[in-house]
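Report on the following structure.
The values are calculated or read from the model by the stated rules, or taken from the named source; none is laboratory data. On a predicted model such as this, the values are computed, not experimentally measured, just so you know. Using ideal geometry, Cβ is built from the backbone for each residue, glycine included, and neighbour counts are taken over all protein chains shown.
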Amino acid sequence: MNLAAIIAELADQAEEFLEGVTDRAQARAAIVEQINLDYFTLHPTDRTKVTAGVMATLEAEEFFGTEFVGDPFKDDPEPEHDA
């Protein structure tokens, strides 16, 4: 199966099955659910790749309304204090 075609198709349909979703975690869950419905024969490894690909496409298209920059899991640096 051509994963790039599946990623492109799901990204194109995202406005329909992600209507009203603004949270990335909810979006990821909805994408996984859509893959389970439409592509239930995909191997679990391929499902993971497709989910990541769709999320990357949506991020690049700024689907969530803001550009995603940086590492969201990195701790913020400690503020410097004047002594």
Report task. Can you confirm whether the stretch 39-52 contains a residue that is of a type in the set (G, A, S), at pLDDT 95 or above and within 11 Å of the chain's Cα centre (by Cα)? Result -> yes
Query - Test: R47 is more than 16 Å from A4 (Cβ to Cβ) and charged (D, E, K, R) - result: no
Query - Number of positions in the stretch 1-53 that are under 22 Å from F64 (Cα atoms), out of contact with any helix residue (DSSP H, G or I) (no Cβ under 8 Å at 6 or more places or on another chain) and in a loop (DSSP other than H, G, I, E, B) - result: 4
